[in-house]
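The values are calculated or read from the model by the stated rules, or taken from the named source; none is laboratory data. What you are looking at is a predicted structure, and each value in this text was computed from that prediction instead of being measured. Cβ sites come from the backbone with ideal geometry, for glycine too, and all protein chains shown count toward neighbours. The area values use the complete protein model at the heavy-atom level, side chains included, leaving out ligands, DNA and RNA. Shrake-Rupley method; radii C 1.70, N 1.55, O 1.52, S 1.80 Å.
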Amino acid sequence: MKTRGFEIVSGYQGRGVTLPQRKTGKSAGYDLQAARTVVVAPGGTAMVPTGLKAYMQDDEVLTIHIRSSMAVKRGLMLVNNVGIIDADYYNNEDNEGHIFIALWNRGRETVTIESGERIAQGIFMKYLTVDGDAAGEGEARTGGFGSTKR
């Protein structure tokens, strides 16, 4: 049985996408790379495909964080500060669970993200729910990025 990890989405098979890795034994985050070159205009936003999807246990979440070098040296931030990938996003019918990194260029220069460049980190975490939570009793997720359709 698979516990947690990453897979390459079908549309990016054979296109040079590599599975994320931690760079040191004490690193919390798995480095996520851009699956294609993307240009982010000053003050603009861009959705950067990773070519990846993530699977995990039902009580876990994958949090997405900007790499400090992207923020400090390149002036990029995540549009939503921290991305949340829920367990039921994996293999959803809209986009197979493809993880995109939503970037905002807060600087005055155009930033080009090259294919294969490390842009974010993913950290798997457990989460808690409140007493009487009934969310798991409803319908399954049917939406893709940025959507929890019910």
* **Gain upon complete extension [SER115, LEU19; 0.36 nm per residue less C-alpha separation]** => 33.2 nm
* Structure fact -> With Cα springs under 10 Å, the Gaussian network model of the chain assigns the largest mean-square fluctuation among ASP31, ASP94, ASP131 to ASP131
* Structure fact -> Computed over the chain, protein heavy atoms only, probe 1.4 angstrom, the accessible area per residue in square angstrom equals 58
* Using only alpha carbon pairs under 8 Å that are at least six residues apart, calculate the relative contact order of the chain and give it in whole percent. => 30
* Å³ per residue of the Cα convex hull, for the range 1-133? -> 138
* Accessible area of the chain belonging to carbon and sulfur atoms, whole % at 1.4 Å probe -> 49
* To do: Mind giving me the FRET efficiency for GLU93 and THR3? R0 is 22 Å, r the Cβ-Cβ distance, nearest 0.05 is fine.
  => 0.40
* To do: Tell me which residues come under 5 Å, amide H to amide H, from ILE101 once H is placed; ignore anything under 5 positions away on its chain.
  => VAL48, THR50
* Structure fact -> The simple spin-label model distance between THR37 and ALA134, using points 7 Å out along Cα→Cβ, in nm, is 5.4
* Structure fact -> Across ALA34, ALA54, ALA135, the residue with the highest GNM fluctuation in the chain (Cα network, 10 Å cutoff) is ALA135
* Pairs of alpha carbons in the range 1-45 whose separation is greater than 16 Å (percent) -> 57
